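S.K.: Starting off with a structure, shown below.
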Amino acid sequence: MKPPRCERKGTLPHPATCVLVWELQSGRITKFFCDEHSQNASPQPYRLAKLIDHHEHTKAAPEEE
C-alpha cells in the first residue's frame with residue numbers, strides 16, 4: 001500500500017496529511033487532503049483528522065515450531 005495522496009482535483013500528486021469525513025444523507029464520504037487544501041475543501045460541515053504517519057502492514061511469517 002502506498003502512502004495516501006492529496007485528492008484535490010487539478011493538482012499534481014503530493015502527500016496527504018489530513019483525512020476529511022463528510023456525513024451526508026447518502027452516506028459517509030472520506031477523502032485525503034494536504035494541510036493547505038483541507039482548509040478550503042468544502043463549505044459543508046465535516047470532520048477533520050490529522051495523519052500522523054503511514055504504516056505499511058506486512059504479513060507476519062509463520063512461526064516455526
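The values are calculated or read from the model by the stated rules, or taken from the named source; none is laboratory data. For clarity, every value in this text was computed on a predicted model and none was experimentally measured. Here Cβ is always computed from backbone atoms with ideal geometry, including for glycine, and neighbour counts include all displayed protein chains. We work out accessible area using only protein heavy atoms, side chains counted, and drop any ligands, DNA or RNA first. Shrake-Rupley method; radii C 1.70, N 1.55, O 1.52, S 1.80 Å.
S.K.: What is the residue count in region 35-45 for residues that are closer than 24 Å to residue 2 by Cβ and hydroxyl-bearing (Ser, Thr, Tyr)?
M.R.: Qualifying residue count, region 35-45: 1.
S.K.: So, one more: Would you mention how many residues in region 3-20 are assigned to a strand (DSSP E or B) and within 9 Å of the chain's Cα centre (by Cα)?
M.R.: Residues in region 3-20 being assigned to a strand (DSSP E or B) and within 9 Å of the chain's Cα centre (by Cα): 4 in total.
S.K.: While we're looking at this one, here's another question. Looking only at region 23-38, how many residues end up being over 9 Å from the mean Cα position of the chain (by Cα) and either surrounded by fewer than 11 Cβ atoms within 10 Å (Cβ to Cβ) or in a strand (DSSP E or B) (or both)?
M.R.: 7
S.K.: Scan region 1-21 residue by residue and report those that are within 20 Å of residue 52 (Cα to Cα) and open to solvent by less than 70 Å² (accessible area, probe 1.4 Å).
M.R.: Answer for region 1-21, where residues must be within 20 Å of residue 52 (Cα to Cα) and open to solvent by less than 70 Å² (accessible area, probe 1.4 Å): 4, 6, 14, 16, 17, 18, 19, 20, 21.
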